[in-house]
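Heads up: the structure comes next, in structure tokens.
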Number of protein chains: 4
Amino acid sequence: MSSVIGKNIRLSVFGESHGEAIGCVIDGLPSGVKLDMDKIYFDMKRRAPGRDKTSTPRLEKDIPHILSGVLDGVTTGAPLAMIIENTNTKSGDYKNVMTVPRPSHSDYPAYVKFGGNNDVRGGGHFSARLTAPIVFAGAVAKQILAEKGITVGAHIKQIGEVYDSSFDMNGVNKETLNDVSSKLFSVLDDSAEDKMREEIEKYRLDLNSVGGVIECAAVGLPVGLGGNMFDTVEGRLSQMLFGIPAVKGVQFGLGFGFASSNAKDVNDGYEIKDGAVSLKSNNNGGVLGGMTSGAPLVLSVAIKPTPSIAAAQDSVDLEKMENATLEIKGRHDPCILPRAVPVVESAVALGILDIISE
Amino acid sequence: MSSVIGKNIRLSVFGESHGEAIGCVIDGLPSGVKLDMDKIYFDMKRRAPGRDKTSTPRLEKDIPHILSGVLDGVTTGAPLAMIIENTNTKSGDYKNVMTVPRPSHSDYPAYVKFGGNNDVRGGGHFSARLTAPIVFAGAVAKQILAEKGITVGAHIKQIGEVYDSSFDMNGVNKETLNDVSSKLFSVLDDSAEDKMREEIEKYRLDLNSVGGVIECAAVGLPVGLGGNMFDTVEGRLSQMLFGIPAVKGVQFGLGFGFASSNAKDVNDGYEIKDGAVSLKSNNNGGVLGGMTSGAPLVLSVAIKPTPSIAAAQDSVDLEKMENATLEIKGRHDPCILPRAVPVVESAVALGILDIISE
Amino acid sequence: MSSVIGKNIRLSVFGESHGEAIGCVIDGLPSGVKLDMDKIYFDMKRRAPGRDKTSTPRLEKDIPHILSGVLDGVTTGAPLAMIIENTNTKSGDYKNVMTVPRPSHSDYPAYVKFGGNNDVRGGGHFSARLTAPIVFAGAVAKQILAEKGITVGAHIKQIGEVYDSSFDMNGVNKETLNDVSSKLFSVLDDSAEDKMREEIEKYRLDLNSVGGVIECAAVGLPVGLGGNMFDTVEGRLSQMLFGIPAVKGVQFGLGFGFASSNAKDVNDGYEIKDGAVSLKSNNNGGVLGGMTSGAPLVLSVAIKPTPSIAAAQDSVDLEKMENATLEIKGRHDPCILPRAVPVVESAVALGILDIISE
Amino acid sequence: MSSVIGKNIRLSVFGESHGEAIGCVIDGLPSGVKLDMDKIYFDMKRRAPGRDKTSTPRLEKDIPHILSGVLDGVTTGAPLAMIIENTNTKSGDYKNVMTVPRPSHSDYPAYVKFGGNNDVRGGGHFSARLTAPIVFAGAVAKQILAEKGITVGAHIKQIGEVYDSSFDMNGVNKETLNDVSSKLFSVLDDSAEDKMREEIEKYRLDLNSVGGVIECAAVGLPVGLGGNMFDTVEGRLSQMLFGIPAVKGVQFGLGFGFASSNAKDVNDGYEIKDGAVSLKSNNNGGVLGGMTSGAPLVLSVAIKPTPSIAAAQDSVDLEKMENATLEIKGRHDPCILPRAVPVVESAVALGILDIISE
């Protein structure tokens, strides 16, 4: 198991849901970058629970506390360490999970892997709470990328049967991305928000949960980042993106839509525009041969329904080795997507920063 | 750019389509493994072009020549180096590609990245021909995995609008996997083959090409391989899979199908079966919290239509900086999927071998 | 710059001398290891300053505070994060260092590398204080190694012109290693301590400092760890050892003594002893062809005199670009070796743990 | 075991002494570098055996054959693969080595590690012959470094009791380095050559061998390369250097000479010279805080006497598990240093290229 990633910018995430603190160390950051803490706090607020009925009523004061690597608000070039103290944890709620694994959670393989020694309270190190340090690191990365003219933004594309508009893959720009990432409920078409909230509420009242798709884009990338074979932009970003709990699919451009397509319809031709090479379409989502093509990077990730639901579920007792029925108490999200948007943005921003730093 | 991958089993792939030879070095293999060369040759034949009308009529004698790491047919534990000499290359066919990039190919970003120094003949190092060494390495990996009771197999799930059956995600077994991987045209339902061949022929006659989906599974994996965060089975396999040209999406289990699902329907419950913990369903494709769950690993990848088509396409002349029309001569696949099946199997086998070797 | 190391056990060290806290994250530890905190505290005490006249009178309460990865005193398998809060820092003492670099310190290259943004107070991230987290991590590693029957210990072999006895390279055992590592002033021959203290005092009174050699050994290692080429035990341990400030040389077995030797005298023959293969001598320090040979691992490192001395030194003013005389105020060690012994043990223990974990 | 190294420039070495071919793949090279093959051949000639009585009479035609990554003499940016075919191998000579390990060689730990499956003919993958691909790769690296104004050169500093002059650590320049690396017997003071040849001859006639020290320097390095902690120039170069068979120690600047030194004598002060910051001395060998200081990089490595000698030695029979006397037939070097000089240069050049490529 490894909670460290990155070749040039190395991110090490630590902590357990009900432990003393969670946090991260970001190693390899450039020196001299002035950090806007308000922007960091805002992204952490986007991820934080307890905002409304779409998320768990659990209150977390996700206040990032920087221990090193920043002096007078400016990065020093030394590792940036940050911790968030855990408060308001109710370990009792999770007690029976220790031997009765929650369906579709990490509980069972973790039990086998760690021989029962892993901290199971609140999911331990497997808790989605560990995405808070990722969002912190991503918010730092976004500020460094902004200095290089690169902007990242994401929105909820689908929740259950409700859809937002999609990014114009060849036309999405900085303004659109900044707009969606300035929202607490990130959608392109504001009318989608109400419908999505209704969809979520429907599942919440049914003690159930629902999945969806988040679409993310980045603009301002130079041509030729990444490489083919084992250094593709797609592969490197995927390793970050699959690190987000509940992500079960990653696609670039048309992605699985390519399956029923033909080359005449979807090949991205070129033209000279304003004296420069320009793509006539961007079905490849800004990546050709594993390298950035100059068109916007556009990807989407599939998110499964939050597996923790209040309804009774079939499980087993790992000690007694007998069937068991599990009723998960505690506080759960009927839909994780609204909170997952800044996490996806962060994974993409960190991945791009790592790629661009070589 | 990096053509090296792997933490414990390091694969380095080299070569250019019209250069002297292509090949690979596999570093970190266990010693004492007896290699069945016929099995290796068969997988390479599955990938080789020129078999029938679904693929390019180009003839390649993909004869792998082992230079080191094997003595008397048994691995020594030293790096296994292999080369395939290039023959039957007609460089003249690709001449105009040097300044007029093929749409949806790597040509344009590669031109920018390498300042025009990259070998463009036949796609150079970006050629799909470079998947031959991957298939060789994957065939070696599959034999090592077989000794550990692990079997990998893949089939064409979709070409254009034609579908094969899907793997039974919770029931797929060794026999099924060995069966599909023993076919030159890998489908579960043999009746799908004819329909798929017709679909491909339709696009071929139209000087066009078509995309599809390949589904891959692995059985016999122990519980708890991989890890959460940045060591997920999904992320590690994706980095391999996106190294295959034309792959634009990777999903595990239901993948993007999770988007319109709810937890009650798709959560994978547990039960005691024959005295052991068993999953009642496997919508997660054998991975929970980034770790293997004990159920079969099931994933699928989206493949875009081969971008090289004979029809005229819009491009630009990178030297004259003016619009240009491109007609790609040469030999092309109207559909790459039949040949891509063993490549997907190989990427998955190599990824699993790397994960299991720690 | 990277403060992360390790392939299987990844150590990330952070903090700046006069910042809020220093610490580390250890990623990849096995679960289920019961930690003896007293042993950890003891090693940290060995490294801590202020014990006597051989070290700086600065008082540091190096109390490691574990944030994650340990539950009820047992490792969980999740990343182990630890912080040490900085107290008793007198930043004023170092003020003029910002533009006048201390000779033989990192100041000048760091100034160029970080454009003046690095935290220079107390050496910032370059401070030898950052060895405290290494000792913490090493003490954890030593406990994990002890469970596998592996023991690591080191002693001061030389300070200036004063020598301790050397390890018997083919006979050093667990008892000897535990004995030296249970001392605050680690020497084999206790009579060497007084002479070494006199030597140090001589330099202290002269506002000067003195270098030396630390010898380290490990026993209980299985045969065949490591590998040749780029996976040698020597190379992997060296990358850790050169991470210790002031280390300027690393040698194994006879090391530089091999230069004036001949094969007849120094080749390590074999014999059967008690039914097992045994080495008749161990001039190679337990490593042959980059792999452990079964004999004790014996290495030594050269430590330069602490560059911070109270005497006036020639330097330059980097802003005014003119010559300057520097008088370093603050608190300094006339000899770092007594405190460096547990740091060397830790680097070796962490390196061995990383090698043995694959 | 790993024969792959490098973060940005990844070198993968393969082959076995008596196998079909040895070679390497260099991944990550810049495109557009025109290679001077004569310079490469010359360095390989410096390493090749059979030149005179100082080395084995074995004849190797080390002709590097480039398979990929170079087009019309210019690097393409794709992996550069090279092979050297093995000829003139007399496997019979080594037959009894299979069960009777050569003292001070890798034989015994390799036997244990690979369970007897490793190729033992001529040392297999552990043979010093595998330094030929390193010299090839190093010669490529030196040409890339030369374009950046960086020059690397090495000489024999000591053989047995015979010494060459040492580099002037603060004054060594490009001319001196080019001069020593243009010699087949690299010494600074030509009069040292005859004395060293006599020393070697003395050991050869005695069926013995002798060790020594090689000193290497690099000039033209910018200030601030590398980093402290685990990214030190010292540590990164050491991992390369210990990959050379027979290297048992690495030191920078005064190295082990620091042990009996004091800060007043050896601290490297600064002065303004010609309007720039300059070091008044360079006892640290061009590295401060793990980073390049702007002064020449100066290091030296200890080389043990070639363990293969014709005289009878004590060993054991690993199958019969009884004592045995070994007489190594075959062709051996009474002193490896003359041939090892370009290997040390290559390791340093490759290490610097890797460091400078980020």
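At-a-glance table
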{"item": "Average partner coverage of A:26-38, which counts Cβ from other chains inside 10 Å", "result": "3"}
{"item": "Distances in nm from D:D168 to the matching label points in the other copies, shortest first (labels 7 Å along Cα to Cβ)", "result": "5.0, 6.8, 8.3"}
{"item": "Principal axis dimensions, the protein assembly as shown - Cα atoms, whole angstrom, descending", "result": "81, 69, 69"}
{"item": "Rg/Rh (Cα only; Kirkwood hydrodynamic radius) as it applies to the range C:195-244", "result": "1.23"}
{"item": "For B:D189, label point 7 Å along C-beta direction: distances to other copies, nm", "result": "3.4, 8.6, 8.7"}
{"item": "Globularity ratio of the range B:278-325, using Cα Rg and 2.2 N^0.38 Å", "result": "2.35"}
{"item": "Computed helical MRE - 222 nm, the protein assembly as shown, DSSP H runs ≥ 4 contributing -39500 (n - 2.57), nearest 500", "result": "-8000 deg cm²/dmol"}
{"item": "Exercise: per-residue mean of other protein chain Cβ atoms within 10 Å, D:240-247", "result": "6"}
{"item": "In nm, spacing of pseudo-spin labels at C:I63 and B:E358 (7 Å Cα→C-beta vector)", "result": "3.5 nm"}
{"item": "Summed buried accessible surface, chains D and C, 1.4 Å probe, nearest 100 Å²", "result": "7900 Å²"}
{"item": "For the range A:260-358, convex hull of alpha carbons as volume per residue, Å³", "result": "230 Å³"}
{"item": "Axis-nearest residue in chain C [Cβ, rotation onto D], distance in whole Å", "result": "C:S238, 2"}
{"item": "Long pairs among B:K45/B:K113; B:K248/B:K329; C:K248/D:K174; B:K174/B:K280, criterion Cα-Cα beyond 28 Å", "result": "B:K45/B:K113"}
{"item": "Cα gyration tensor shape of the range D:112-195, rounded if a/c is under 1.5, else prolate or oblate by comparing a/b with b/c", "result": "oblate"}
{"item": "Kyte-Doolittle mean at least -0.5 and Cα axial length at least 18 Å: DSSP H helices in chain A", "result": "A:131-147, A:337-356"}
{"item": "Sorted largest first, extent of the range B:207-291 alpha carbons per principal axis (Å)", "result": "57, 27, 24"}
{"item": "Average partner coverage of C:295-306, which counts Cβ from other chains inside 10 Å", "result": "4"}
{"item": "Globularity index of the range B:312-358, i.e. its alpha-carbon radius of gyration over 2.2 N^0.38 Å", "result": "2.04"}
{"item": "Selected from C:N86, C:N117, C:N283 as most flexible by GNM, with chain C as the system and alpha-carbon contacts under 10 Å", "result": "C:N117"}
{"item": "Two-decimal log10 I(q)/I(0) for the range D:140-282, as the Debye equation yields it once each C-alpha is a single scatterer, q = 0.15 Å⁻¹", "result": "-0.98"}
{"item": "Cα-based convex hull volume of the range C:72-222 per residue, rounded to whole Å³", "result": "194 Å³"}
{"item": "Compactness index (Cα Rg / 2.2 N^0.38 Å), chain B", "result": "1.01"}
{"item": "Rounded FRET efficiency, nearest 0.05, which uses the C-beta distance separating C:K148 from A:K34 and R0 of 56 Å", "result": "0.70"}
{"item": "Ascending list, in nanometres, of distances separating the D:K39 label from those of the other copies (7 Å, Cα toward Cβ)", "result": "4.4, 4.7, 5.4"}
{"item": "Set of lysines with alpha-carbon distance to D:K195 below 22 Å, sequence-local pairs under 8 removed", "result": "C:K264, D:K53, D:K157, D:K183, D:K304"}
{"item": "Spin-label pair C:E319/D:T87, simplified geometry with 7 Å Cα→Cβ offset, distance in nm", "result": "6.8 nm"}
{"item": "Spacing of the two label points (7 Å from each Cα toward its C-beta) at A:Y41 and D:D179, in nm", "result": "6.6 nm"}
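The values are calculated or read from the model by the stated rules, or taken from the named source; none is laboratory data. Bear in mind that the values here come from a model prediction, so they are computed numbers and not experimental data. Counting neighbours? That spans all protein chains shown, and the Cβs are built from the backbone with ideal geometry, glycine included. These accessible areas exclude ligands, DNA and RNA; they are computed on the full protein's heavy atoms, side chains included. Shrake-Rupley method; radii C 1.70, N 1.55, O 1.52, S 1.80 Å.
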